[in-house]
Amino acid sequence: MGISLSSWRRQGRRLGIAVLFIVVGTGLWEFQERQHKDAYTWMGVPTWEAFHPTTMHRVLRNDGYLVGWSDVRVNPLWVSYQVEAVEDSSIGPRPNFQADWRTLWLVGTDSYAGSGYDRGLMAPNYAIAAVHGRSAQVDTFLMSNITPQQPELNRQLWQRLEEVVMDHFAPRFDRLQVITGPVFPERFMDNVFNRVGLAEVPEAFYKIIVAPHSEAPLALAFIMPQDVRGNEPLDDYLVTIDEIESRTGLNFFPELTTEVESVLEGELRLQGWALEDVSKRQGRF
């Protein structure tokens, strides 16, 4: 029995509606993704310099920040967010840690217990909460934002740097772009079994801070090793962005022109930051 012309028309209309739904839905999704990338990144999402399993990652979108997640290292290779000065510094209570179902290997909230390492947040609790709100603060306690940090680093030197970003740098500029993450040994096999649960233990951590002025952006970059006392001057750990790229295999700000990139990423320029005023400042806690 053949299909009638009216039946074909009905099927055609249904197919057309389905195609339209997919096209419109995809367009809205891409628009939403672009909005989030524009809100949490500057000059492009970090990419890998050359394809390699240890630098390959997936971008996870959260409220307030983006994560470049590695299922090989079971770590965030980078976290990208933006901050600005805030008048009201009060934030909500500290949220509970929570597993992230989007990761290939599920990292439990208790997987660091007894390891001697802290659950180090890459997108910081206070800065994200103060700028982006409570929902974003809750997202910073996803285990995909966590990496093993020694207590002296996490609770002292690293925390001091995070405080300086909000208390000293943010008020000096309209907006700051921050990218932060772990640094691993050059040879993967030398560190492959150095893990807390499933998460590979980094040897250091980097933080890139950019004041994205339209014509002459400014940048500071740091690499801090795990084995610190915690009271060292912050400027002891200044590096260029090029050095971070060399040690991580990542390409930051891929949309920069060659001329701007050579200066911003290749030179160590401290003008405008007044880092000397806060380099030795102790933390709040």
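The values are calculated or read from the model by the stated rules, or taken from the named source; none is laboratory data. Here the structure is a predicted model, which means the values were calculated and not measured. Cβ placement follows ideal geometry from the backbone for every residue including glycine, while neighbour counts extend to all protein chains displayed. Quick note on the areas: whole protein, heavy atoms, side chains included, nothing else; ligands and nucleic acids left out. Shrake-Rupley method; radii C 1.70, N 1.55, O 1.52, S 1.80 Å.
Just one of (1) 6, 27, 34, 18, 6, 4, 3, 1, 0; (2) 6, 20, 25, 23, 16, 8, 3, 0; (3) 7, 30, 37, 21, 5, 0 is P(r) over Cα pairs in 10 Å bins from 0, in percent as worked out from the coordinates here. Which one is it? Answer by label: (1). By accessible area, using a 1.4 Å probe on protein heavy atoms only, segment 159-223 has 47% of its surface on carbon and sulfur.
Summing Lys and Arg as +1 and Asp and Glu as -1 over all other residues whose Cβ lies under 10 Å from the Cβ of Pro185 gives a net charge of -2. Modelled spin labels at Ala39 and Val86, positioned 7 Å past Cα toward Cβ, are 1.5 nm from each other. Checking the a/c ratio against 1.5 first, then a/b against b/c, what shape does the Cα gyration tensor give for segment 161-285? Oblate is the answer for segment 161-285, as a/c is 1.5 or above yet b/c matches or exceeds a/b. Under the combined filter of DSSP loop state and at most 13 neighbouring Cβ atoms within 10 Å, segment 162-203 retains these trypsin sites (Lys or Arg not before Pro): Arg187.
Using mean Cβ contacts within 10 Å as the protection proxy, how do 80-90, 268-278 order, highest first?
Going by the mean number of other Cβ atoms within 10 Å, highest first, we get 80-90, 268-278.
For the pair Arg61 and Ser135, label points projected 7 Å from Cα toward Cβ lie 1.2 nm apart.
For the chain, what does the helix formula give at 222 nm: sum of -39500 (n - 2.57) over DSSP H segments with n ≥ 4, over the residue count, nearest 500 deg cm²/dmol?
Values: 6 runs with 74 residues, N = 285.
Theoretical 222 nm ellipticity from helices: -8000 deg cm²/dmol.
Modelled this way, with points 7 Å down the Cα-to-C-beta line, the labels at Asp190 and Ala216 are 4.0 nm from one another.
Of the GluC sites (Glu not before Pro) in segment 161-248, which ones lie in a loop per DSSP and count no more than 10 other C-beta atoms within 10 Å?
Qualifying residues, ordered by number: Glu215.
Once the 1.4 Å probe is applied to the protein heavy atoms, the chain comes out at 51 Å² accessible per residue. Full extension of the chain between Trp105 and Ala50 gives 17.4 nm of extra length, using 0.36 nm per residue less the Cα-Cα distance.
Counted residue by residue at 0.36 nm each, then reduced by the alpha carbon distance between them, the extension gain from Glu259 to Glu276 reaches 3.3 nm. Among Leu234, Leu106, Leu161, the largest mean-square fluctuation in a Gaussian network model of the chain, built with springs joining Cα atoms closer than 10 Å, belongs to Leu106.
Compute a Gaussian network model of the chain, connecting alpha carbons closer than 10 Å, and tell me which residue from Asp139, Asp71, Asp235 fluctuates the most. Answer for the Gaussian network model of the chain: Asp235.
Considering only Gly230, Gly114, Gly44, the Gaussian network model of the chain with Cα springs below 10 Å gives its largest mean-square fluctuation to Gly114.
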